[in-house]
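Okay, structure first, notes after.
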Amino acid sequence: MKTINEQGFTLVEVMVALALSVLTVGATYTIYARQVQSQIVRDEQLDMQQHARVAMDLLTREVHMAGYDPRHVNRDQLLTNDFDGIVYDPSMLVVRADLNGNGVPTDTNEFIQFSHDPRTMTLRRNTGGGRQLLAEHIQGFAVQYFNRHGQETTVS
């Protein structure tokens, strides 16, 4: 016979508590796993954005240097050494500058080509030593040329 002071749990109570605990731990783990996956996706997006920013920064700096001509070869009497700072090409961006000041903008890093490969979704940079990977996961790369009056042109 039971007395009033006896305490304990029945097997049913233990099984219900265990089931509730398993459900709580499972739900907590599911939420945690989703948060970790979400953080991984955010980190990958930030990484891609940072690489794109670096690529755009380099491209912008090199476009700003387009046509750099410290010896003024584009204004002298000899027309054979004249050069355009940006050469029109519908499939790539070509930048030329006389960075070392020798009057000939064909040395390494003075004739730069930026091209996009849609198959591999990469942006590449060629300075004369071969095509270097500049950025990945680039879906498109378009170049529009404008003259000094702000009108679109195909003339360098």
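Computed quantities for the displayed model
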read-out	value
Options MET56, MET65; residue that is under 29 Å from GLU136 (Cα atoms), open to solvent by 40 Å² or more (accessible area, probe 1.4 Å) and touching a residue at least 24 places away in the same chain (Cβ under 8 Å)	MET65
Answer from GLN49, GLN37, GLN45, GLN7 - the residue that is open to solvent by 80 Å² or more (accessible area, probe 1.4 Å), out of contact with any strand residue (DSSP E or B) (no Cβ under 8 Å at 6 or more places or on another chain) and at pLDDT 95 or above	GLN37
Output for the stretch 118-156, where each listed residue is of a type in the set (Asp, Glu) and over 14 Å from the mean Cα position of the chain (by Cα)	GLU152
Positions within the stretch 68-84 being without any contact (Cβ under 8 Å) to a residue 24 or more places away in the chain and either open to solvent by less than 100 Å² (accessible area, probe 1.4 Å) or touching a helix residue (DSSP H, G or I) at 6+ places or on another chain (Cβ under 8 Å) (or both), in sequence order	HIS72, ASN74, ASP76, LEU78, ASN81, ASP82, PHE83
Output for the stretch 118-147, where each listed residue is of a type in the set (D, E, K, R), without any contact (Cβ under 8 Å) to a residue 24 or more places away in the chain and touching a Leu at 6+ places or on another chain (Cβ under 8 Å)	ARG124
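The values are calculated or read from the model by the stated rules, or taken from the named source; none is laboratory data. Please read these numbers as outputs of a predicted model, since none were measured by experiment. Heads up, the Cβs are rebuilt from the backbone with ideal geometry, glycines too, and the neighbour counts pull from every protein chain shown. These area figures cover heavy atoms from the full protein model, side chains too; ligands, DNA and RNA do not enter into them. Shrake-Rupley method; radii C 1.70, N 1.55, O 1.52, S 1.80 Å.
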